[in-house]
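Okay, structure first, notes after.
The values are calculated or read from the model by the stated rules, or taken from the named source; none is laboratory data. Predicted, not measured: the structure shown is a model, and the values here were computed from it. So basically every Cβ, Gly included, is an ideal-geometry build from the backbone, and we count neighbours across all protein chains shown. Note: accessible area is taken over every heavy atom of the protein model, side chains too, but ligands, DNA and RNA are not part of it. Shrake-Rupley method; radii C 1.70, N 1.55, O 1.52, S 1.80 Å.
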Amino acid sequence: LRLEEDLSASQLRIEDPGIVKLGGPVHISADITMITDVVTVALELSGSLKVTCSRCLDEFEVGLRKGLTLNYPLEKQQRYIDITDEVREEILLEFPFKPLCKAQCEGLCLRCGTKLENSVCACNNLSEKNRQ
């Protein structure tokens with residue numbers, strides 16, 4: 001059996017505004033097989049995560065693409081299997097520990113908080129003048 005579905009953050013019970021945000025629905029493709037009393041689910045997850053750069057605090061998106069296989073023992077009276085918890089857990093495990101918008105991100109000035117990417121802050125100019 002092959003199933004495909006798009007699930008939102010609310011359906012996955014995953015969104016925490018301060019920590020984890022999805023860039024849209026997560027697309028789930030599942031190939032499901034059953035041998036005797038074990039159901040095997042081969043999953044492909046794809047979507048995007050919205051993350052905040054740990055240096056400059058800009059929000060950006062990173063791609064989410066993950067494959068995994070889950071096995072479930074099946075009881076005779078069991079009519080369905082809910083894989084929501086496992087999908088949510090795998091998405092959380094893919095969330096970057098220290099996200100960077102780019103490897104060369106210069107971050108913020110430690111004194112005044114100015115983003116150093118495209119500008120020089122006033123306190124940096126002052127300290128350069130004081131050195132001369």
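Can you give the FRET efficiency to the nearest 0.05 for ILE32 and THR114, using r as the Cβ-Cβ distance and R₀ = 41 Å? It comes to 0.15. Applying 1/(1 + (r/R0)^6) with r as the Cβ-Cβ distance of GLN104 and GLU59 and R0 = 22 angstrom yields a FRET efficiency of 0.75.
Mean separation of Cα pairs under 8 Å and 6 or more residues apart, divided by the residue count, gives the range 1-108 a relative contact order of 25 percent. Put a dot 7 Å past the Cα of ILE81, heading toward its Cβ, do the same for PHE97, and the two dots end up 3.1 nm apart. Peptide packing: for 67-80, 98-111, the average count of neighbouring Cβ atoms within 10 Å per residue gives the ranking 98-111, 67-80, highest mean first.
Partner lysines whose Cα lies under 20 Å from the Cα of LYS102, excluding those fewer than 8 positions away in the same chain, are identified as LYS21, LYS50, LYS115.
For the chain, with all protein chains in place and a probe radius of 1.4 Å, 50% of the accessible heavy-atom surface sits on carbon or sulfur. Dividing the summed helix terms, -39500 (n - 2.57) for each DSSP H run of n ≥ 4, by the number of residues in the chain produces a 222 nm estimate of -5000 deg cm²/dmol to the nearest 500. Radius of gyration (Cα atoms) of the chain, expressed as a multiple of 2.2 N^0.38 Å: 1.57.
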